[in-house]
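Heads up: the structure comes next, in structure tokens.
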Ligand code: SF4
């Protein structure tokens with residue numbers, strides 16, 4: 001399929017919407033009351049610090065809702081207002097936050113059911129409204145919805161679209177897109193659907209394996225088995241790695257994406273004449289500012305003397321788990337939770353580990369004076385962060401002594 005031509009045609013269709021419906025002000029008030037927090041604003045105004053009794057909270061200087069997420073949620077709310085009677089669907093979670101997704105369910109927005117790992121669009125009928133989430137949807141899904149004559153509300157973040165444009169550019173010059181991402185993540189699935197030849201690497205280690213194959217060759221069967229779920233159909237490592245370009249899932253660790261880019265640049269310089277680098281390697285900056293700012297703020301925060309860290313965000317949120325990764329690397333006691341309900345008591349907390357397992361830890365809240373670092377992923381409303389902070393104050397039962 002000519003994905004670029006399809007996308008262009010879709011964007012000119014009267015069934016396609018990506019600029020909202022003129023209800024911005026009304027929706028902004030509603031979003032403010034549902035998701036904003038006066039306590040968080042107060043902490044921001046006090047240099048991101050608040051002390052009550054024995055507890056000092058240190059907030060990361062960039063955290064929570066990014067503009068791409070705010071925009072997507074606002075468009076979903078606007079869609080409900082604009083189409084009060086139509087059936088509305090969303091192809092996936094609008095963002096990775098349980099409370100926001102629950103709120104959409106309450107507004108009668110249906111989530112496309114998934115059966116045995118496959119989305120079932122059979123319930124979607126002609127004329128239904130379908131929202132595409134902030135991290136986008138695959139070109140095949142867009143085509144299916146277009147064929148069904150659905151009204152499509154596309155909330156894909158412009159940063160994600162920028163990555164799609166990048167893989168289109170790779171395709172145009174017959175270059176394989178090396179995508180730094182998780183092959184199962186919705187954004188990476190969408191990005192790879194716009195790519196020609198592609199290979200998805202999860203981390204620097206996998207990238208090094210590929211770079212070594214480029215320079216020294218290796219076991220072809222082992223390579224294909226290793227990336228069986230993470231490459232385009234018919235991928236041939238002996239032919240399809242002569243020209244490579246870098247793309248990324250926007251929520252991966254920025255430093256790692258940069259390292260992977262440098263690794264392939266150096267690899268191609270070694271393998272080919274450095275003067276011909278441009279014919280073998282392409283790189284465009286597609287790291288999202290919001291992800292970068294949250295990671296930089298976390299790196300600063302973990303340099304401070306903290307007794308523990310709380311990282312708040314959906315358990316399937318990639319950018320949140322990367323924030324947690326930074327704390328774990330520093331060997332700081334850090335708990336990734338998705339809502340205040342995970343704090344079971346002053347003694348126990350239910351949290352998500354980096355491997356995705358959910359476990360309960362005891363004695364998580366030290367006695368006496370403590371400094372607690374707090375951050376949250378790009379899909380987390382301030383209100384959720386406020387609830388967690390209030391809970392910590394309550395469990396320490398401290399009188400206010402600001
Ligand atoms: S994290 Fe970045 S790419 Fe993702 S929605 Fe936010 S602004 Fe967009």
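What follows draws every value from the coordinates through simple rules; no lab data is involved. Note that this is a predicted model, so its numbers are computed, not measured. Please note: Cβ atoms are built from the backbone with ideal geometry, for glycine as well, and neighbour counts cover all protein chains shown.
According to the square roots a ≥ b ≥ c of the eigenvalues of the Cα gyration tensor, what is the shape class of the range 172-287, taking rounded for a/c under 1.5, prolate for a/b larger than b/c otherwise, and oblate for the remainder? Spell out each step's value before the answer.
On the way: a/c = 1.42, a/b = 1.14, b/c = 1.24.
Taking the square roots of the gyration eigenvalues as a ≥ b ≥ c, the range 172-287 is rounded.
Once you wrap a convex hull around the alpha carbon atoms of the range 334-392, what is its projected area averaged over all directions, in nm²?
Mean orientational projected area (the range 334-392, Cα hull): 4.2 nm².
Taking the number of other C-beta atoms within 10 Å as the exposure measure, put 57, 179 in order starting with the fewest. All intermediate terms of the calculation are to be shown ahead of the outcome.
Numbers: 57 23, 179 30.
So the residues, fewest neighbours to most, are 57, 179.
Using a basic spin-label model with each label point 7 Å from the Cα along Cα→Cβ, how many nm lie between residue 383 and residue 173?
4.8
Please compute the contact order of the chain in relative form: average sequence separation of alpha-carbon pairs under 8 Å and at least six residues apart, divided by the residue count, as a percent.
Details: 697 pairs, mean separation 84.4, N = 402.
For the chain, the relative contact order is 21 percent.
For the range 38-158, what does the relative contact order come out to in percent, with C-alpha contacts under 8 Å and a separation of six or more? Show your work: numbers first, answer last.
Working: 145 pairs, mean separation 29.1, N = 121.
This gives 24 percent for the range 38-158.
Treating the angle as unsigned and between 0 and 90°, give the value, to the nearest 10°, between the Cα long axis of helix 318-329 and the longest Cα principal axis of the chain.
70
Want the number for residue 24 to residue 102: 0.36 nm per residue separation, take away the alpha-carbon distance, what's left?
Using 0.36 nm per residue and subtracting the Cα-Cα distance, I get 25.9 nm.
If the convex hull of the alpha-carbon atoms of the range 105-252 is projected onto planes in all directions, what is the mean projected area in square nanometres?
Working: hull surface 40.3 nm².
Mean projected area for the range 105-252: 10.1 nm², to one decimal.
Take the range 280-352, drop everything but the C-alpha atoms, weight them equally and run the Debye formula without solvent; then report log10 I(q)/I(0) at 0.15, 0.18, 0.19 Å⁻¹ to two decimals.
Here log10 of I(q) over I(0) equals -0.57, -0.75, -0.82.
Please work out the Cα center distance from the range 1-64 to the range 234-248, rounded to the nearest Å.
Comparing the Cα centres of the range 1-64 and the range 234-248, I get a distance of 36 Å.
Put a dot 7 Å past each Cα toward the Cβ at residue 277 and residue 115; how far apart are the dots in nm?
With each label placed 7 Å out from Cα toward Cβ, I get 5.2 nm.
Quick check on the range 292-401: take the gyration tensor over C-alpha atoms, sort the square-rooted eigenvalues as a ≥ b ≥ c, and tell me if it's rounded (a/c under 1.5), prolate or oblate. Mind showing how you got there, number by number?
On the way: a/c = 1.44, a/b = 1.29, b/c = 1.11.
It is rounded, given that a/c, with a ≥ b ≥ c, falls under 1.5.
Under the 0.36 nm per residue contour assumption, what length would be gained going from the current alpha-carbon distance of residue 344 and residue 165 to full extension?
On the way: separation 179, 0.36 × 179 = 64.44 nm, distance 4.52 nm.
Contour length minus the Cα-Cα distance gives 59.9 nm.
What is the angle, in °, between the Cα long axis of helix 204-216 and the longest principal axis of the Cα atoms in the chain? Nearest 10 is fine, range 0 to 90.
Tilt of helix 204-216: around 20 degrees.
Using alpha carbon centroids, what distance separates the range 282-321 and the range 166-233, in Å?
24
If you look at just the Cα atoms of the range 1-118, how large are its Rg and its Dmax in Å?
Using the Cα atoms of the range 1-118, the pair Rg, Dmax is 18.7, 63 Å.
For the range 126-198, what is the convex hull volume of its Cα atoms per residue in Å³?
Details: hull volume 6.0 nm³, N = 73.
In the range 126-198, the Cα hull volume divided by residue count equals 82 Å³.
Could you tell me the ratio Rg/Rh of the chain? Both radii from Cα atoms, Rh via Kirkwood.
Details: Rg = 22.6 Å, Rh = 22.7 Å.
Checking Rg against Rh, the ratio lands at 1.00.
Using R₀ = 45 Å, calculate the FRET efficiency as 1/(1 + (r/R₀)^6) where r is the Cβ-Cβ separation of residue 67 and residue 216; round to 0.05. Please report the intermediate quantities before stating the final value.
Numbers: r = 44 Å, r/R0 = 0.98.
For R0 = 45 Å, the calculated efficiency reads 0.55.
Express in whole angstrom the spacing between the alpha-carbon centres of the range 99-143 and the range 364-390.
So the separation of the two Cα centres works out to 32 Å.
Write down the Kirkwood hydrodynamic radius of the range 10-66, to one decimal in angstroms, obtained as one divided by the mean of 1/r over all alpha carbon pairs.
14.7
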